[in-house]
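Novice: Before we start, here is the structure in question, set down as structure tokens.
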Amino acid sequence: MQNLKSNPSFITIGENAKMINTAQKEGLKKENVLSLAKSSKTIEAKNLCLWYKNFNALKNININIGEKQVVALIGPSGCGKSTFLRTLNRMNDTVEGCKITGEVLFEGKNIYSSSVSAPEIRAKIGMVFQKANPFPMSIYDNIAYGPRIQGIHSKQVLNELVETSLKSAALWDETKDRLKKSALGLSGGQQQRLCIARALAIKPQVLLMDEATSALDPISTGKIEELILQLKKDYTIVTVTHNMQQAARISDKTAFFLLGELIEYNDTDIIFSNPENAKTKDYITGRFG
Amino acid sequence: MPKSRKFKNALLKFFMYLSTGITFSILLLIIGYILFKGLPGLNIKMLTTQTSYIDKNIGILPNILNTLYIIFVSMLFAVPLGIGAAVYLTEYAKCKPLVKAISFAIETLMGIPSIIYGLVGMLFFTSIMGLKQGILAGGLTLTVMIIPTIVTTTKESLAAVPNSLREGSLALGSGKWHMIKTVVLPNAKNGIITGCVLAVGRITGESAALLFTAGFGLKLVGFIKALQSSSATLTVALYIYASEQGEFNIAFTIALILVAITFIINTVCYALGNKIGKKNK
Ligand SMILES: Nc1ncnc2c1ncn2[C@@H]1O[C@H](COP(=O)(O)OP(=O)(O)OP(=O)(O)O)[C@@H](O)[C@H]1O
Ligand SMILES: [Mg+2]
């Protein structure tokens, strides 16, 4: 087991303290205050370990992801970025032989506790996959898929949701005349933006993106990066990327993973200019990985 | 070298053409012969009456209906059971060795001669459960016989649905059943329909398994009564007329009708499958 104190990712305390202070001014009791501080819309992983059968893919991860921040996960292939991302919305539940210990706190609750259901979590923490995976149905139905699960069936509400989601994903102009056409007729980049729009339609609080631009041309990539910066105003975003420039451009914080461990987590400026750990430095300067 | 290769290629091509030609001409020959022998006997009266020895009339309306009844009864049970089992095995079952064992057993069941299903069906449905020979006992026997076909084809088409679609659905907060209903099953539809077509084809062509279970009755009795009274389907009637009564012309006419029914069922189902396919595209 690692020494927790040496882990640079414990930076919650300051933020919580601030909240406690303001709350105290409003005359709340201390216990309530603590839970209030925790219920801020951050994601916090505590002593998170994950095994695929016997393979230890994540080793004691501690990280706190602040509200409305863009966090980039970087690291060489196979180091556990996707695995970690997928623990944040319980997508690894579907993987056979996958075992998880530790906690992931969201809104102050462990998302792995028995009182929380996976669909409920996934409705709040949206995900965009590396390969665009539009459903073979119309563009409209793709976007309306999530809201319909939540029981929204009013045509008017759905119409509005479809329009705003497509607009947020910068896809409205290209698709407004063909909403009833199959989503499979879109180009790869459009499909990926459709998947982003689809994830936005459920109004999540957090958006997880796993190399969402890796299969796209520079123009589509640029559009999606722009989009991420736009979305940041309303959403917390965790994104995996192999593109260092991209991480530097879009993220507030960067986490460097290596062989299942979180090596360093800090402000993106610091990671890219003055990393604490030598391994991080080697990686971002391209000496390995 | 190049010369011998050229020769080899030509030879191979020749054999390929030859085998294709032989297969195709056999098919043509059979259909042609059935048409030649069966067509003269085909008339409206035969299709719309029942056999009566007093009137010296041979009619196969009851047998046409019995075939449809058996298809209806078997599919009624086999489709939900088969698809349900396949969905359970591919989407829900956790214990993989057990799934493998069951799949192997199911595939083995597909290869068992149908007369054995008839024997077991007779023992189980008529002797043990006390059903009378008829459409119900026959239909249930065929249900057992075609479930493996439906399970296997459904399983294959479910497995062909990309996992990324499942994950996409789950990631939007959908529950497992909702995901299966809205993403997995619609994408597997064509395969499932094909499986059902195969099953209907097997039912239409089945005779051995029905001899002991559905019986030889040639009387027109109506669906409800036919469930529990001896009722011959077209194929069984063909057997009766050909082997017991030496009425080969009738047998060929029935054969013609069977070929036509099979053709119609296939066309309808493929058209249906294509339509659904287009809708998805
Ligand atoms: N379903 C699985 N079963 C077993 N092992 C897995 C599974 N998924 C991932 N792994 C293993 O876990 C480790 C981490 O994989 P992960 O996909 O998280 O890497 P990654 O950092 O996202 O890599 P990449 O940059 O190539 O996407 C790898 O060694 C991988 O082989
Ligand atoms: Mg990955």
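The values are calculated or read from the model by the stated rules, or taken from the named source; none is laboratory data. Source: prediction; values computed, not measured. We place every Cβ from the backbone using ideal geometry, glycine too, and count neighbours over all the protein chains shown. The area values use the complete protein model at the heavy-atom level, side chains included, leaving out ligands, DNA and RNA. Shrake-Rupley method; radii C 1.70, N 1.55, O 1.52, S 1.80 Å.
Novice: Assuming a viscosity of 1.306 mPa s and a temperature of 10 °C, what translational diffusion coefficient in µm² per second does Stokes-Einstein assign to the protein assembly as shown, Rh being the Kirkwood radius over Cα pairs?
Specialist: 55 µm²/s
Novice: Please give, to one decimal in nm, the separation of the simple spin-label points placed at A:Asn277 and A:Val95, each 7 Å out from Cα toward the Cβ.
Specialist: My value for the distance between the label points is 1.9 nm.
Novice: Can I ask one more? Around B:Ser114, what is the net charge, scoring Lys/Arg as +1 and Asp/Glu as -1 over all other residues with Cβ under 11 Å from its Cβ?
Specialist: 0
Novice: Compare B:Ile31, B:Ile70, B:Ile106 by solvent-accessible area with a 1.4 Å probe and give them largest first, with all protein chains kept in place.
Specialist: Of B:Ile31, B:Ile70, B:Ile106, the descending order of accessible area is B:Ile31, B:Ile106, B:Ile70.
Novice: Can you pull out the trypsin sites (Lys or Arg not before Pro) in segment A:216-289 that DSSP calls coil and that have at most 12 other Cβ atoms within 10 Å?
Specialist: For trypsin sites (Lys or Arg not before Pro) across segment A:216-289 that sit outside H, G, I, E and B with at most 12 neighbouring Cβ atoms in 10 Å, the list reads A:Lys233, A:Arg287.
Novice: If I model a spin label at B:Ile102 and A:Gln156 as a point 7 Å from the Cα along the Cα→Cβ vector, what separation in nanometres do I get?
Specialist: Each label point lies 7 Å from its Cα, and together they span 4.8 nm.
Novice: For a Förster distance of 56 Å, can you work out the FRET efficiency between the beta-carbons of A:Asp234 and B:Ala159, rounded to the nearest 0.05?
Specialist: 0.90
Novice: By Kyte-Doolittle mean hydropathy of at least 1.6 and Cα axial length of at least 20 Å, which whole DSSP H helices of chain B are selected?
Specialist: What comes out of the filter, once short or polar helices are dropped, is B:61-87.
Novice: Counting Lys +1, Arg +1, Asp -1, Glu -1, what net charge surrounds B:Met145 among other residues with beta carbon under 12 Å of its beta carbon?
Specialist: For residues surrounding B:Met145, the net value is 0.
Novice: Oh, and also: What accessible area, in Å² to the nearest ten, does a 1.4 Å probe give for B:Ile250?
Specialist: Here the residue's solvent-accessible area equals roughly 30 Å².
Novice: Please compute the per residue accessible area over the protein assembly as shown with all protein chains in place, 1.4 Å probe, rounded to a whole number of Å².
Specialist: Accessible surface, normalised per residue, equals 50 Å².
Novice: Within segment B:9-112, which chymotrypsin sites (Phe, Trp or Tyr not before Pro) sit in a loop by DSSP and count at most 13 neighbouring Cβ atoms inside 10 Å?
Specialist: B:Tyr53
Novice: Counting other Cβ atoms within 10 Å, keep those with at most 11, restrict to DSSP loop, and tell me which trypsin sites (Lys or Arg not before Pro) in segment B:20-82 are left.
Specialist: Passing sites in segment B:20-82 are B:Lys56.
Novice: Chain pair A, B: how much accessible area is buried, both chains summed, with a 1.4 Å probe, in Å² to 100?
Specialist: 1700 Å²
Novice: Return the long-range amide H neighbours of A:Val70 (sequence gap of 5 or more, or a different chain), with a cut-off of under 5 Å between placed amide H atoms.
Specialist: Those qualifying (amide H under 5 Å, at least 5 residues apart or on another chain) are A:Ile237, A:Asp252, A:Lys253.
Novice: I would also like to ask the following. If B:Lys94, A:Lys59 are ordered by their accessible area, calculated over protein heavy atoms with a 1.4 Å probe, which sequence runs from highest to lowest?
Specialist: Result of the area sort, largest leading: B:Lys94, A:Lys59.
Novice: How large is the convex hull of the Cα atoms of chain B per residue, expressed in Å³ as a whole number?
Specialist: So the per-residue hull volume is 210 Å³.
Novice: Moving on. Name the residues of segment A:108-155 whose accessible area, probed at 1.4 Å, falls by at least 30 Å² once all protein chains are in place instead of their chain on its own?
Specialist: Going by heavy-atom accessible area, the residues of segment A:108-155 that drop by at least 30 Å² are A:Pro119, A:Arg122, A:Phe129, A:Asn133, A:Phe135, A:Pro136, A:Tyr145, A:Ile149.
Novice: Pop out the ³J(HN,Hα) list for segment A:251-267 in order, Karplus 6.51 cos²θ - 1.76 cosθ + 1.60 with θ = phi - 60°, rounded to Hz; leave Gly and Pro as x.
Specialist: So the J values, rounded to whole Hz, are 9, 8, 10, 10, 10, 9, 9, 8, 6, x, 10, 8, 7, 8, 9, 7, 4.
Novice: Further, regarding this structure: List the residues of segment B:166-184 for which accessible area in the full set of protein chains is at least 50 Å² lower than for the chain on its own; 1.4 Å probe, protein heavy atoms only.
Specialist: B:Glu167, B:Leu170, B:Ala171, B:Leu172, B:Gly173
Novice: Moving to a separate point now. Please list A:His242, A:His153, B:His178 in order of solvent-accessible area, largest first, computed with a 1.4 Å probe with all protein chains present.
Specialist: Result of the area sort, largest leading: A:His153, A:His242, B:His178.
Novice: In chain B, carbon and sulfur make up what percent of the accessible area (probe 1.4 Å)?
Specialist: Taking all protein chains in place, chain B shows 74 percent carbon and sulfur surface.
Novice: Could I have the simple spin-label model distance between B:Ala260 and B:Tyr92, label points 7 Å from Cα toward Cβ, reported in nm to one decimal?
Specialist: Using points 7 Å along Cα→Cβ, the separation is 4.4 nm.
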